[in-house]
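Please see the structure below; I have some questions.
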Amino acid sequence: MFIIRLQSRPRSCVVSATLGALSFLGAPAMAQDSHLPEIQVLGPRDATIGTADSASEGAAEREVFQARPKLRPGDIVEAVPGVVATQHSGDGKANQYFLRGFNLDHGTDFAVSVDGMPVNMPTHGHGQGYSDLNFLIPELVSGVKYRKGPYFAEGGNFSLAGSASLDYFSALDAPFAEISYGSNNYRRLLAAGSRTVGDQTWLGAVELVGNDGPWDVPENLKKANAVLRYSQGSPTQGFSITGMAYKSRWTST
């Protein structure tokens, strides 16, 4: 006999199983005690449960999208349920986005903002709404808020299918530096830190990236990225000023 008992707990599910012996051809059953260890299964929880106006909007917890492997900076929008970000022309071109099965090209009908700054370009050779997120530094992103569907006018012209709003930290727990090296001559240097005096905080980050990619003709990517942010006060009563610089050169495939 195989018995499964499900016990509901907040953000977890406990599964236990007990095995026993059944009698066969009239033979007496022999009881067997089996004690399996308790297993807890923790699933992601939407950060806006109980506060969102509808099921079409929400926010991804930082632990969820920071734990996801990211091949490119724009992959962070995949924290939005139903969004897929792909790439077909090297690391210097905007991702191609899909939402709920719809092909959104390079950002048409999917509005993206970083710290309140609209990323979609009204006009571009690759179509209206071109959204290049290669300037993004994923380690600095503090939250991802999203809305899906044509129900929110404040999203603007490019939010017909949905929108994603990404916010940067105003302060870091501790300064850090990372050096990465991988296949296809991939290398990355990242350094970031912040300093707080009273209610004033300065945050800075510098990123250098190089990559040849898995192409017959190496893309020879050379990317430089920098962020400088000043904030004062609290999130509810304060302000921030953010400056970003981005330069990238690569051979398109």
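The values are calculated or read from the model by the stated rules, or taken from the named source; none is laboratory data. Nothing here was measured: the structure is a model prediction, and the numbers come from that model. As a convention, Cβ positions derive from the backbone with ideal geometry for all residues, glycine included, and neighbour counts pool all protein chains shown.
Does any residue of the range 93-101 turn out to be without any contact (Cβ under 8 Å) to a residue 24 or more places away in the chain and of a type in the set (D, E, K, R)? Talk me through it step by step, then tell me what you get.
So in the range 93-101, the residues without any contact (Cβ under 8 Å) to a residue 24 or more places away in the chain come out as 96, 98, 101.
Restricting the remaining residues to those that are of a type in the set (D, E, K, R) gives none.
For the range 93-101, residues without any contact (Cβ under 8 Å) to a residue 24 or more places away in the chain and of a type in the set (D, E, K, R): absent.
Rundown of residues vs (1) at pLDDT below 95; (2) in contact with a Ser or Thr (Cβ under 8 Å, 6 or more places away or on another chain); (3) in a strand (DSSP E or B); (4) within 20 Å of ASP167 (Cα to Cα), yes/no style:
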position: THR196; (1), (2), (3), (4): yes, no, yes, yes
position: TRP202; (1), (2), (3), (4): no, yes, yes, yes
position: VAL206; (1), (2), (3), (4): no, no, yes, yes
position: TRP215; (1), (2), (3), (4): yes, yes, no, no
position: PRO218; (1), (2), (3), (4): yes, yes, no, no
position: ALA226; (1), (2), (3), (4): no, no, yes, yes
position: SER248; (1), (2), (3), (4): yes, no, yes, no
position: THR253; (1), (2), (3), (4): yes, yes, no, no
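For the condition among the hydrophobic types (A, V, I, L, M, F, W, C) and either assigned to a loop (DSSP other than H, G, I, E, B) or within 14 Å of VAL84 (Cα to Cα) (or both), what is the one hit in ALA94, ALA111? Show your work before the answer.
Values: ALA111 fails: either assigned to a loop (DSSP other than H, G, I, E, B) or within 14 Å of VAL84 (Cα to Cα) (or both).
That would be ALA94, the only listed residue that is among the hydrophobic types (A, V, I, L, M, F, W, C) and either assigned to a loop (DSSP other than H, G, I, E, B) or within 14 Å of VAL84 (Cα to Cα) (or both).
In this structure, is TYR97 under 15 Å from the mean Cα position of the chain (by Cα) and modelled with pLDDT of 90 or more?
On the way: under 15 Å from the mean Cα position of the chain (by Cα): yes; modelled with pLDDT of 90 or more: yes.
Spelling it out, TYR97 is indeed under 15 Å from the mean Cα position of the chain (by Cα) and modelled with pLDDT of 90 or more.
Does ALA226 fit the bill of being in the same structural domain as LEU104 (by TED's automatic domain parsing) and farther than 19 Å from VAL77 by Cβ? If you could, list the steps in order and put the result at the bottom.
Working: in the same structural domain as LEU104 (by TED's automatic domain parsing): no; farther than 19 Å from VAL77 by Cβ: yes.
Spelling it out, it is not the case that ALA226 is in the same structural domain as LEU104 (by TED's automatic domain parsing) and farther than 19 Å from VAL77 by Cβ.
Count, please, the residues in the range 167-186 that happen to be assigned to a strand (DSSP E or B) and surrounded by 14 or more Cβ atoms within 10 Å (Cβ to Cβ). Spell out the reasoning first.
Within the range 167-186, the subset assigned to a strand (DSSP E or B) is 167-168, 176-182, 186.
Add one more test, that the residue is surrounded by 14 or more Cβ atoms within 10 Å (Cβ to Cβ), and what stays is 167-168, 186.
Here the count works out to 3.
Sort through GLY107, GLY82, GLY74 and tell me the only one that's surrounded by fewer than 20 Cβ atoms within 10 Å (Cβ to Cβ) and at pLDDT below 90.
Details: GLY107 fails: surrounded by fewer than 20 Cβ atoms within 10 Å (Cβ to Cβ); GLY74 fails: surrounded by fewer than 20 Cβ atoms within 10 Å (Cβ to Cβ).
Among GLY107, GLY82, GLY74, only GLY82 is surrounded by fewer than 20 Cβ atoms within 10 Å (Cβ to Cβ) and at pLDDT below 90.
Then there is this: Considering only residues that are out of contact with any Leu (no Cβ under 6 Å at 6 or more places or on another chain) and among the hydrophobic types (A, V, I, L, M, F, W, C), look in the range 155-170 and name the one that is farthest from ARG100 (Cα to Cα). Spell out the reasoning first.
First, the residues of the range 155-170 that are out of contact with any Leu (no Cβ under 6 Å at 6 or more places or on another chain): 155-160, 163-167, 170.
So of that shortlist, the ones also among the hydrophobic types (A, V, I, L, M, F, W, C) come out as 158, 160, 164, 166.
Details: PHE158: 16, LEU160: 12, ALA164: 14, LEU166: 20 Å.
The residue in question is LEU166.
Here is a follow-up. Please identify the pairs in which a residue from the range 225-253 that is loosely packed, with under 13 Cβ neighbours inside 10 Å has its Cβ atom under 6 Å from the Cβ atom of a residue that is not hydrophobic (A, V, I, L, M, F, W, C), counting only partners at least 6 apart or on another chain.
Close Cβ pairs satisfying both conditions: ILE241/TYR230; ARG249/LYS222; SER252/SER89; SER252/GLY90.
Does any residue of the range 60-72 turn out to be outside the structural domain of LEU190 (by TED's automatic domain parsing), assigned to a strand (DSSP E or B) and under 30 Å from ASN185 (Cβ atoms)?
No, there is no match, as no residue in the range 60-72 is outside the structural domain of LEU190 (by TED's automatic domain parsing), assigned to a strand (DSSP E or B) and under 30 Å from ASN185 (Cβ atoms).
Also, I was wondering about something else. Checking the conditions here, which among ALA17, ALA47 is farther than 29 Å from ASN184 by Cα, modelled with pLDDT under 80 and in a loop (DSSP other than H, G, I, E, B)? Working first, answer last.
Numbers: ALA17 fails: in a loop (DSSP other than H, G, I, E, B).
Residue meeting the stated conditions: ALA47.
Any idea which of LEU221, LEU203, LEU190 is surrounded by 17 or more Cβ atoms within 10 Å (Cβ to Cβ), within 20 Å of the chain's Cα centre (by Cα) and not aromatic (Phe, Trp, Tyr)?
On the way: LEU221 fails: within 20 Å of the chain's Cα centre (by Cα); LEU203 fails: within 20 Å of the chain's Cα centre (by Cα).
Residue meeting the stated conditions: LEU190.
Could you grab me the full set of residues in the range 127-161 that are at pLDDT 90 or above, part of a loop (DSSP other than H, G, I, E, B) and hydroxyl-bearing (Ser, Thr, Tyr)?
SER131
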